[in-house]
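Encoded as structure tokens, the structure appears first; notes follow it.
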Amino acid sequence: MRIAMVGAGYVGLVSGACLSDFGHEVVCIDKDADKIEALRRGQIPIFEPGLQEVVANNVRAGRLSFSPDIKAAKGAKAIFIAVGTPTKADDGQADLTYVRAAAREIADIVNDGAVVVMKSTVPVGTGDEIEAIIADRAPLKRVSVVSNPEFLREGAAIDDFKQPDRVVIGVEDEDGRKVMREIYRPLELNQTALLFTSRRSSELIKYAANAYLAMKVAFINEISDLCEQVGGDIQDVARGVGLDNRIGYRFLNAGPGFGGSCFPKDTLALMKIAKEAGAPLRLVETLVEANENRKLAMARKIVKACGGVKGKTIAVLGLTFKPNTDDMRSAPSLTIVPVLQAEGARVVAFDPEGAKSAKELLPDIEFADGPYSCVQGADALVIITEWDAFRALDLARVKAALRQPIVVDLRNIYRREEMIALGFHYESLGRGRRGDKARRS
Ligand code: UDX
């Protein structure tokens, strides 16, 4: 099937490339001509493991192409909208400017009987609005507007697209259902569940799923703080809780708070939608606030571990919001590092992929070209992102390089007993003094 993907960012590029890998003929369209030129030269503008190969294979097979012009979508049976829906600065709502613009442009070139597929994460009811925009601009064309939210994790996006737990499809008519079933037939053939719902249910599923995942993370982070007070070990607690298959062990790793381009944006948008609808989601409101406070609490933990950071050099390993991505959006480091600097610290950082985008966002930090040069001469080491490259450091070498053997591990990469035995002053998350009596309050 001929498919057009409007928007060649994280979601659009991964989705377009994977759909072409299913055998469809896909053109990815983006207004950013430089991005299109780079893609045509085989350069992938984002770091996503495996994407380069999927794109190259399908470009070579003639199934995947790129264009800066919406006219390239002419004749497509399905046109996906995968443009950004950033958070509006003033009120936390999702900004639909790009979505509406795409809908207007599509209305002018879309074929009668085609399907417009909302892939971007949009507030409940946006599908109705897109349908109205297209009907208004192209009254003589029968166009089905469908919701098909993505559940792609950055760094695992290819697998998440090709082996999804489910495909959620919000349709309002039979034509839309038929086309979407044909698009995802390769997945249906291997028993992937295609869940057909109304458009609004589909839009809500995306927000509710992300908010629930964010809640799991925020929950275990709070339990981690409790462990520090009552002497529990958060990794044991998370494992014990997660082994209950009604709960599941994933998204129960304590950390410095969640970031990324989705959790922060989607929880905020859902909160606003619910408040406006007169059904406020107090749990979501609470987790949003708890998450922001946590990032600041992490900075305070570092300052405390160092006995103050004024005039000291802090080595930071990991800046991106999680490993295997170059994405810095809402990364905890963007809150933590400026606080350390405000307290008088000099920060030297290393991140395998994030340095390029971090340079614009954290202008006053220095960048090392590897973990060991990063810690050389520093007064403390802080691990913010759990890249594999930081999981098996030569700890004797790290200790020798540090001016003071202080390590603050915000991802519990290392074992507390081992670090203490090596002579580090080791701070981590949710690992109260083993055997400590519950503190007398
Ligand atoms: C998320 C959803 O997982 C995905 O389904 C949706 O489509 C987009 O948003 P992503 O933002 O790429 O994907 O990252 P994810 O792996 O979900 O992690 C989100 C944040 O939670 C990261 O900051 C991560 O560090 C944090 N996290 C995740 C934890 O702190 N602990 C965990 O156990 C899991």
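The values are calculated or read from the model by the stated rules, or taken from the named source; none is laboratory data. Fair warning: this is a prediction, and the values are worked out from it, not measured in the lab. Please note: Cβ atoms are built from the backbone with ideal geometry, for glycine as well, and neighbour counts cover all protein chains shown.
Just a few scattered comments:
- So Gln341, is it away from the ligand (no atom under 16 Å from the Cβ), among the polar types (S, T, N, Q) and in a helix (DSSP H, G or I): yes
- For the stretch 304-328, the set of residues classified as more than 9 Å from the ligand (Cβ to nearest atom), among the basic types (Lys, Arg) and either within 22 Å of the chain's Cα centre (by Cα) or assigned to a loop (DSSP other than H, G, I, E, B) (or both) consists of Lys310, Lys312, listed by residue number.
- Note on the stretch 345-407: enclosed helices (runs of 4 or more DSSP H) holding 1 or more residues that are more than 25 Å from the chain's Cα centre (by Cα) and crowded, with 19+ Cβ neighbours inside 10 Å are 371-375, 395-401.
- Hits in the stretch 236-252 (condition: more than 7 Å from the ligand (Cβ to nearest atom), under 25 Å from Ser330 (Cα atoms) and part of a loop (DSSP other than H, G, I, E, B)): Tyr249
- The residues listed here are Glu129, Glu188; of these, the one that is at pLDDT below 95, more than 23 Å from the chain's Cα centre (by Cα) and farther than 25 Å from Gly259 by Cα is Glu188.
- Residue that is surrounded by the most Cβ atoms within 10 Å (Cβ to Cβ), among those in the stretch 217-235 that are under 28 Å from Leu334 (Cα atoms) and small (Gly, Ala, Ser): Ser224
- When Lys35 is tested against (1) charged (D, E, K, R); (2) part of a helix (DSSP H, G or I); (3) in contact with a helix residue (DSSP H, G or I) (Cβ under 8 Å, 6 or more places away or on another chain); (4) crowded, with 16+ Cβ neighbours inside 10 Å, only condition (3) is not met.
- Of the criteria (1) of a type in the set (Gly, Ala, Ser); (2) touching a residue at least 40 places away in the same chain (Cβ under 8 Å); (3) assigned to a helix (DSSP H, G or I), which one Gly255 fails: (3)
- Counting only helices (runs of 4 or more DSSP H) that sit completely within the stretch 152-201, those holding 1 or more residues that are surrounded by fewer than 18 Cβ atoms within 10 Å (Cβ to Cβ) and within 16 Å of the ligand (Cβ to nearest atom) correspond to 157-162.
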